[in-house]
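To start, the structure under review is shown below, and the notes come after it.
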Amino acid sequence: MKEFLIKIVLFALLIFLVDKLFIIIRNKAPEYDYDRRLEMILEGNINKDIIILGSSRGQRNIDVQLMKDSLNTESVFNLSYGGSTPEFQGFILDQLIKNNQKPKLIIKLVDDDFELMNKGLYGNAKAFRIDRLNPLAKYQEIRECLYVRGVKNEVLSKLFILHQLNRSNFNLRKKGVIDTIYGAKPIEGHDSSLVWRYKSKQEYNRFNEEDLQIKNLINLQKKCLKNDIELILATAPVFREVNEIWIERMRQLAIPNTLFYTHEINEKAYKEKDNFADYSHLNNKGAAIYTQEIINFIKDNGLELH
């Protein structure tokens with residue numbers, strides 16, 4: 001019996017020691033990720049005056065180089081993530097403030113009709129873009145976020161490195177990389193099959209809004225106010241009739257000190273399919289037009305960025 005117990009103890013010890021070898025994979029995984037922007041935030045390497053936040057609209061509709069040139073600054077970076085909600089964007093803002101020099105201005109694009117709803121891209125919106133956290137398990141703040149969201153068990157994670165990992169951590173092949181100079185770029189080309197869509201003005205249904213996303217949108221604004229960060233909430237063009245009821249709803253949710261920008265709804269360029277990559281995103285030509293609007297708004301409001 002004693003010999004049997006010794007074997008069990010030795011076997012358990014062996015498993016424990018072998019498990020510790022996985023720390024090598026955990027710590028190397030970020031180097032092979034296709035999008036290293038969150039890692040740059042955690043390492044304190046995003047010290048920019050102007051930050052773009054949003055989902056794929058923010059990711060594709062802003063021409064960062066044009067903004068740099070027009071505002072005479074190199075200090076602009078895009079931290080928008082496709083499919084993200086105000087909750088995940090607030091998490092990005094928290095990490096940005098905690099680990100980096102605070103930005104002077106944040107431009108957050110809001111998604112027409114969908115900003116406060118449960119988006120289906122990348123699974124359930126409550127998935128919180130967990131795919132962006134998984135490769136970064138070597139960071140304590142990331143592991144703590146995964147505990148809070150019930151993705152990982154805190155006790156097991158502290159006992160076993162393997163429990164901290166996800167299947168994606170074992171894919172150590174180099175992948176395509178999101179730009180680490182601009183953060184994101186507009187899409188080139190356009191979809192020639194696009195057909196202008198008309199929408200009834202009563203089509204926005206507030207019953208589809210989620211209280212959690214309303215709370216997080218307001219909290220994001222309060223964080224900017226508390227940290228003396230200028231914030232612009234901005235609508236962006238889509239290749240269909242604008243829902244003015246939705247725009248007014250977004251305006252209602254802008255707290256004092258938040259600037260609200262509505263894009264030029266009647267701009268002819270936003271009704272030309274040559275300026276759109278698809279129904280929801282501008283291409284590089286359309287992004288240049290829209291970005292210039294944002295630049296003019298920044299200048300008209302006398303925002304001090306230097």
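The values are calculated or read from the model by the stated rules, or taken from the named source; none is laboratory data. Small disclaimer: the values here were computed from a predicted structure and weren't measured. Every residue, glycine as well, gets a Cβ built from its backbone with ideal geometry; the counts of neighbours run over all protein chains shown. These accessible areas exclude ligands, DNA and RNA; they are computed on the full protein's heavy atoms, side chains included. Shrake-Rupley method; radii C 1.70, N 1.55, O 1.52, S 1.80 Å.
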Query raised in the report: (1) at pLDDT 90 or above; (2) assigned to a helix (DSSP H, G or I): which one isn't true of K126, the others all being true?
Result: (1)
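Quickly run through region 250-259 and pick out the residues that are of a type outside the set (S, T, N, Q) and surrounded by fewer than 17 Cβ atoms within 10 Å (Cβ to Cβ). Steps first, please.
Just the residues of region 250-259 that are of a type outside the set (S, T, N, Q), to begin with: 250-251, 253-256, 259.
Those that are of a type outside the set (S, T, N, Q) and surrounded by fewer than 17 Cβ atoms within 10 Å (Cβ to Cβ): R251, I255, P256, L259.
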Query raised in the report: Taking region 260-279 on its own, how many of its residues are in a loop (DSSP other than H, G, I, E, B) and either under 25 Å from E230 (Cα atoms) or open to solvent by less than 30 Å² (accessible area, probe 1.4 Å) (or both)?
Result: 5
Query - In region 218-238, the residues that are without any contact (Cβ under 8 Å) to a residue 12 or more places away in the chain and open to solvent by less than 70 Å² (accessible area, probe 1.4 Å) - result: none
Report task. Please name all residue pairs, on different chains or six or more residues apart, with Cβ atoms under 8 Å, provided the first residue is in region 197-217 and is acidic (D, E) and the second residue is open to solvent by 40 Å² or more (accessible area, probe 1.4 Å) and at pLDDT 85 or above. Result -> E203/I245
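Could you tell me which of the residues S200, S280 is within 21 Å of T85 (Cα to Cα) and modelled with pLDDT under 95?
Numbers: S200 fails: within 21 Å of T85 (Cα to Cα).
That would be S280, the only listed residue that is within 21 Å of T85 (Cα to Cα) and modelled with pLDDT under 95.
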Report summary line: Scanning region 23-38 residue by residue, those charged (D, E, K, R), assigned to a loop (DSSP other than H, G, I, E, B) and surrounded by fewer than 22 Cβ atoms within 10 Å (Cβ to Cβ) turn out to be D35, R36
Report task. For region 218-249, name all the residues that are farther than 16 Å from G90 by Cα, part of a helix (DSSP H, G or I) and out of contact with any Ser or Thr (no Cβ under 7 Å at 6 or more places or on another chain). Result -> E244, I245, W246, E248, R249
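Being in contact with a His (Cβ under 9 Å, 6 or more places away or on another chain), of a type in the set (K, R) and touching a residue at least 24 places away in the same chain (Cβ under 8 Å): is that true of R36 here?
Values: in contact with a His (Cβ under 9 Å, 6 or more places away or on another chain): no; of a type in the set (K, R): yes; touching a residue at least 24 places away in the same chain (Cβ under 8 Å): yes.
Answer is no for this residue.
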Requested in this report: Please name all residue pairs, on different chains or six or more residues apart, with Cβ atoms under 7 Å, provided the first residue is in region 275-294 and is closer than 19 Å to V195 by Cβ and of a type in the set (V, I, T) and the second residue is in a helix (DSSP H, G or I) and open to solvent by less than 10 Å² (accessible area, probe 1.4 Å).
Outcome: none
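Residue under question is K215, and the condition is that it be of a type outside the set (A, V, I, L, M, F, W, C), surrounded by 16 or more Cβ atoms within 10 Å (Cβ to Cβ) and part of a helix (DSSP H, G or I); does it hold? Steps first, answer last, please.
Details: of a type outside the set (A, V, I, L, M, F, W, C): yes; surrounded by 16 or more Cβ atoms within 10 Å (Cβ to Cβ): no; part of a helix (DSSP H, G or I): yes.
No, not satisfied.
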Query - Tabulated pairs, region 239-260, first without any contact (Cβ under 8 Å) to a residue 40 or more places away in the chain, second small (G, A, S), C-beta under 6 angstrom, 6+ apart or interchain - result: F260/A254
Requested in this report: Specify which of the listed residues (K108, K20) is touching a residue at least 40 places away in the same chain (Cβ under 8 Å), open to solvent by less than 20 Å² (accessible area, probe 1.4 Å) and of a type in the set (K, R).
Outcome: K108
Report summary line: A287 meets each of (1) more than 27 Å from G90 (Cβ to Cβ); (2) buried (at least 16 other Cβ atoms within 10 Å of the Cβ); (3) touching an Asp or Glu at 6+ places or on another chain (Cβ under 6 Å) with one exception, condition (1)
Requested in this report: Would you confirm whether any residue within region 168-187 is closer than 16 Å to Q89 by Cα, surrounded by fewer than 17 Cβ atoms within 10 Å (Cβ to Cβ), modelled with pLDDT under 90 and under 22 Å from the mean Cα position of the chain (by Cα)?
Outcome: no
